[in-house]
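All remarks here apply to the structure that follows.
The values are calculated or read from the model by the stated rules, or taken from the named source; none is laboratory data. Note that the coordinates shown come from a computational prediction; the quantities given were computed from them, not determined experimentally. A quick note on method: Cβ atoms are made from the backbone with ideal geometry, for glycine too, and the neighbour counts reach across all protein chains shown.
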Amino acid sequence: MYFQDLSPYTYLNREPDPNLLTVGWLDAEHEFPKGKVPESLLMKVLALCFNPINPTRGIHPSPFVQNSPLGYPVEYKGKRMGLGSAEIRVLGNNGKTYAAPNLIYHYIKDCGYLPPQEFLDALNSLSVV
């Protein structure tokens, strides 16, 4: 499922909300910005993956890995799970909320995806335990 970064979130037949924006809804057909994300922010994304929202019944494989495993495996604080079947939310300081598939962790870590700066700023101000 592809959505252009910072477009209104409409996944799961939701009405567009100008304050709920998409980030990281990538596919192999569209180019995406690449760059380095600080490890501290990547770890915040991983932590958020362990508090998912909108879980779905199916698992979305990575569009960037041939024969990718269903449920991209991750571990955080001794807990394990597979990514690809839920979303995360990040609240921004600007009144916006960012909706991302939990595979965003893989996209950043393994594919070099560089999310929009306002998303990174929201992560930076986020306190994750």
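Screening Pro69 on (1) of a type outside the set (A, V, I, L, M); (2) at pLDDT 90 or above; (3) surrounded by fewer than 13 Cβ atoms within 10 Å (Cβ to Cβ) shows it passes everything except condition (2).
If you go through segment 10-27 and pick out every residue that is within 13 Å of the chain's Cα centre (by Cα) and either buried (at least 21 other Cβ atoms within 10 Å of the Cβ) or within 16 Å of Val90 (Cα to Cα) (or both), you end up with 6.
Every condition in (1) among the aromatic types (Phe, Trp, Tyr); (2) surrounded by fewer than 14 Cβ atoms within 10 Å (Cβ to Cβ); (3) outside any loop (DSSP other than H, G, I, E, B) is met by Tyr2 except one, and the failing one is (3). Figure legend. Inter-residue proximity from segment 62-82: first residues touching a residue at least 24 places away in the same chain (Cβ under 8 Å) and in a strand (DSSP E or B), second residues surrounded by 14 or more Cβ atoms within 10 Å (Cβ to Cβ) and of a type in the set (Phe, Trp, Tyr), beta-carbon distance below 6 Å, spacing 6+ or different chains. Indicated pairs: Tyr76/Phe50.
Pairs linking a residue in segment 40-52 that is without any contact (Cβ under 8 Å) to a residue 60 or more places away in the chain to a residue that is surrounded by fewer than 16 Cβ atoms within 10 Å (Cβ to Cβ) and charged (D, E, K, R), with Cβ atoms under 8 Å and 6 or more positions apart or on different chains, are Phe50/Lys77; Phe50/Lys79.
Selection of segment 101-119 for residues being touching a helix residue (DSSP H, G or I) at 6+ places or on another chain (Cβ under 8 Å) and buried (at least 20 other Cβ atoms within 10 Å of the Cβ) yields Asn102, Ile104, Tyr105, Ile108, Tyr113, Pro115.
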